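Notes follow the structure.
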Amino acid sequence: MIQLPTVSAELEQRGNEPFEQFIVLLEELYPLVHTHLERERTGDFGLLFRWEAPGAVGDPLVLMAHYDVVPVDETDPWTYPPFTGTIADGWVFGRGALDDKGPMVVVLDAVENLLAAGFMPTRDVYLSFGGNEETFGNAAREISDLLQERGITPWMVLDEGGAVTSAPLPFVTGDAAMVGVGEKGIASVRLTARSEGGHASVPPPLTAVGRVAKAVTALTPGTFRAKAPKAIPRMLGLFSRRASGAGKVLYPVLARWPWLNARVFALLGGEAAAMVRTTIAPTRLDGGTANNVLASQASATVNLRLALGETVQSTVDTLRRRIADPDITIEVLEGNDASPESPSDAPQFALIADAVHASHPAAITVPYVTMAATDSRYFHRYCAHTYRFAPLMMSAELRATIHGIDERVAIDELHRGELFHRALIESMPA
């Protein structure tokens, strides 16, 4: 799978052939899946499999993954070339090993093995695979829309997002399965200022470039108020059982007082702060035509990850109040509202926890907020139980290889990931 460069951002250079070859490869690797499940193609990149449960009347389970990957900088010092799929020292190396072909493999392995054993599920099981997640394509949206048009509301949707990790917070020992019960939204906005231009030797008090720079400077990390979603106090309450040292005192207090939890996490910065508020990252600055000419137009692009409870419109309203400059135009380039928060006290979450116990017995299953955008955002519009979790152990160093150098997955973890999905499907209630 890794050897096929399904780079959705390079369609113009590579064409659709790697994606078509990938779909053919799936037929070769998973003959029982293609014999017993109904396969439907949606658009160029969507694959929807239906595993029908005889006589089932309950809503179905939807398992998601994507098979496209991000580009590779050819000058990066990979230990093994990124599209060779090299197996070495108990690892599979290559672009997509973790994001998201590894998580896709363990889903298909589980279904293939269950079919080989003659197992039949108690509910219909849908496998939803998209080939343009990395470019915010519409494959998953088309699948989601198709099921909604057919009146199918999933009992649960499970996509990538969280993972199993060790020592997830300071003073917390042991392994934790971090299950995303909510997903931050995303918005890219352009801030633009215009002026008359002219020679740089006679500048006005505030140029277009200066006006944009002032607007960007105003967007400090404290622009958006910190607020802890329900998942975070519950997560801290569960972690307090495994806390040592100061954590034994700190985490129970933070779990009981969400407002204090939000403030502390905001002060910690980094991933902790990102869980409790909307983040702001200026990513581009544009303007001017020459070193000695005043720019008639200047702009800055800002990427925001919207905290749970925020919408694109509420985010733009906050930016406008913060910048407080009517001569700055704010244009939304793309955006999705933050997801609703799926319950962590529901049978669906308990089923995930039971499956984690089967695959990673030492891990405690906790809810958290997924930072990145996933294809599951098209399902949470009408499915109240949408979760984000890949059943693979990922250290902080491994997570850094996603979209980076030496992306790889442990073969042992692929075995455990298959066990997770097998347990999930076998234990699914009727």
### Subset of the stretch 133-154 [over 17 Å from the mean Cα position of the chain (by Cα) and farther than 20 Å from residue 103 by Cβ]
142, 145, 146, 147, 148, 149, 150, 151, 152, 153
### Query
List, please: which pairs have Cβ atoms under 6 Å, are six or more places apart or on different chains, and start with a residue in the stretch 109-126 that is part of a helix (DSSP H, G or I) and end with one that is aromatic (Phe, Trp, Tyr)?
112/30
### Message
Of everything in the stretch 214-232, what is assigned to a helix (DSSP H, G or I), surrounded by fewer than 20 Cβ atoms within 10 Å (Cβ to Cβ) and not charged (D, E, K, R)? Give them in sequence order.
### Response
216, 217, 218, 221, 222, 223
### Message
Would you confirm whether or not the stretch 357-378 contains a residue that is over 24 Å from residue 234 (Cβ atoms) and not small (Gly, Ala, Ser)?
### Response
yes
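Looking only at the stretch 265-277, how many residues end up being buried (at least 21 other Cβ atoms within 10 Å of the Cβ) and touching a residue at least 60 places away in the same chain (Cβ under 8 Å)? Walk me through it before giving the result.
So the first thing to find is which residues in the stretch 265-277 are buried (at least 21 other Cβ atoms within 10 Å of the Cβ), and the list is 265-266, 275-277.
Checking the rest, the ones that are also touching a residue at least 60 places away in the same chain (Cβ under 8 Å) come to 275.
Qualifying residue count, the stretch 265-277: 1.
Name the one entry in 117, 97 that is within 23 Å of residue 61 (Cα to Cα), among the hydrophobic types (A, V, I, L, M, F, W, C) and assigned by TED's automatic domain parsing to the domain that holds residue 422. Steps first, please.
Numbers: 97 fails: within 23 Å of residue 61 (Cα to Cα).
Only one candidate passes the filter, namely 117.
Those residues that are hydroxyl-bearing (Ser, Thr, Tyr) and closer than 30 Å to residue 342 by Cα, I need them from the stretch 170-219; list them, please. It would help to see each step written out before you state the result.
In the first step, residues of the stretch 170-219 are kept if they are hydroxyl-bearing (Ser, Thr, Tyr); the result is 173, 188, 192, 195, 201, 207, 217.
Within the stretch 170-219, 173, 188 meet the criteria.
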### Message
Quick check on residue 288: is it out of contact with any Gly (no Cβ under 7 Å at 6 or more places or on another chain), at pLDDT below 95, over 29 Å from residue 387 (Cβ atoms) and crowded, with 16+ Cβ neighbours inside 10 Å?
### Response
yes
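Only one residue in 114, 108 is in contact with a helix residue (DSSP H, G or I) (Cβ under 7 Å, 6 or more places away or on another chain) and farther than 28 Å from residue 44 by Cα. Which one?
114
Would you mind finding the one in 67, 126 that is modelled with pLDDT of 95 or more, aromatic (Phe, Trp, Tyr) and under 19 Å from the mean Cα position of the chain (by Cα)?
Values: 126 fails: under 19 Å from the mean Cα position of the chain (by Cα).
Only one candidate qualifies: 67.
Can you tell me which residues in the stretch 233-246 are assigned to a helix (DSSP H, G or I) and either free of Cβ contacts under 8 Å to residues at least 40 places away in the same chain or surrounded by 14 or more Cβ atoms within 10 Å (Cβ to Cβ) (or both)?
If the condition is that a residue be assigned to a helix (DSSP H, G or I) and either free of Cβ contacts under 8 Å to residues at least 40 places away in the same chain or surrounded by 14 or more Cβ atoms within 10 Å (Cβ to Cβ) (or both), then 233, 234, 235, 236, 237, 238, 239, 240, 242 are the ones that fit.
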#### Entry: Number of positions in the stretch 177-213 that are assigned to a loop (DSSP other than H, G, I, E, B) and either surrounded by fewer than 23 Cβ atoms within 10 Å (Cβ to Cβ) or out of contact with any strand residue (DSSP E or B) (no Cβ under 9 Å at 6 or more places or on another chain) (or both)
11
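The values are calculated or read from the model by the stated rules, or taken from the named source; none is laboratory data. Quick caveat, the model's predicted, so the values are computed rather than measured. With ideal geometry, Cβ positions are generated from the backbone for all residues, glycine too; neighbour counts draw on all protein chains shown.
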